[in-house]
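Notes follow the structure.
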Amino acid sequence: MSKSFTILALIVLLVSTGCTTQAQFLDSKQGMAMQTAVSRGQFEMNCPQATPTLISREVIQPVLQGPYVGGIPRAEYTIGVSGCGKRTIFVVICPDGGEGCFGAGPGRFHDWQG
């Protein structure tokens, strides 16, 4: 009985150490997200001195999840970029398992967002 308990405990330990927490996931993508926002801001504002400021970050779970359908979790960062007397905000999305991020802002996504 103790042998099967040891094997079960080992399996649980291996499975739990292979998963990353949401904070680890956000930390791993944050540098790339900041670089994406500042690069876009420098171009759009025509300001090579522009700098980024992290405003918020969160993990967004897929809308569709089920046995036959699955979406991709993603890290979403709201990043302000300022420089040369201008400032703007970008929403940067980094999909889990992806090799990059993309800037989805600035501005509202829908007219009804007031």
Worksheet item: Among the residues of the stretch 19-30, which ones are surrounded by fewer than 14 Cβ atoms within 10 Å (Cβ to Cβ) and charged (D, E, K, R)?
Response: ASP27
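Yes or no, residue by residue, for (1) buried (at least 19 other Cβ atoms within 10 Å of the Cβ); (2) touching a Phe, Trp or Tyr at 6+ places or on another chain (Cβ under 7 Å); (3) among the charged types (D, E, K, R):
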residue: MET32; (1), (2), (3): no, no, no
residue: ARG40; (1), (2), (3): yes, yes, yes
residue: MET45; (1), (2), (3): no, no, no
residue: THR53; (1), (2), (3): no, no, no
residue: VAL59; (1), (2), (3): no, yes, no
residue: VAL63; (1), (2), (3): no, no, no
residue: VAL69; (1), (2), (3): no, no, no
residue: ARG74; (1), (2), (3): yes, no, yes
residue: GLY83; (1), (2), (3): no, no, no
Discussion item. For MET32, only one of the following conditions fails: (1) modelled with pLDDT under 90; (2) under 17 Å from the mean Cα position of the chain (by Cα). What is its number?
Written reply: (1)
Worksheet item: Quick one: what pairs do we get from the stretch 25-36, first residue within 11 Å of PRO52 (Cα to Cα), second open to solvent by 20 Å² or more (accessible area, probe 1.4 Å) and hydrophobic (A, V, I, L, M, F, W, C), C-beta under 7 Å, 6+ apart or different chains?
Response: ALA33/CYS101; MET34/LEU54; THR36/CYS101; THR36/PHE102
Worksheet, complete the sentence: Per the filter on the stretch 53-83, residues modelled with pLDDT under 85 and among the aliphatic types (A, V, I, L, M) are VAL63, LEU64, VAL69
Worksheet entry | Only one of ALA33, ALA50 that is in contact with a strand residue (DSSP E or B) (Cβ under 6 Å, 6 or more places away or on another chain) and closer than 27 Å to ALA23 by Cβ | ALA33
Worksheet entry | Flag if LEU26 is modelled with pLDDT under 90, more than 23 Å from CYS84 (Cα to Cα) and among the hydrophobic types (A, V, I, L, M, F, W, C) | no
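The values are calculated or read from the model by the stated rules, or taken from the named source; none is laboratory data. Since this is a predicted model, take the numbers as computed values, not measurements. A quick note on method: Cβ atoms are made from the backbone with ideal geometry, for glycine too, and the neighbour counts reach across all protein chains shown. Accessible surface is based on the protein model in full, side chains and every heavy atom, while ligands, DNA and RNA are left aside. Shrake-Rupley method; radii C 1.70, N 1.55, O 1.52, S 1.80 Å.
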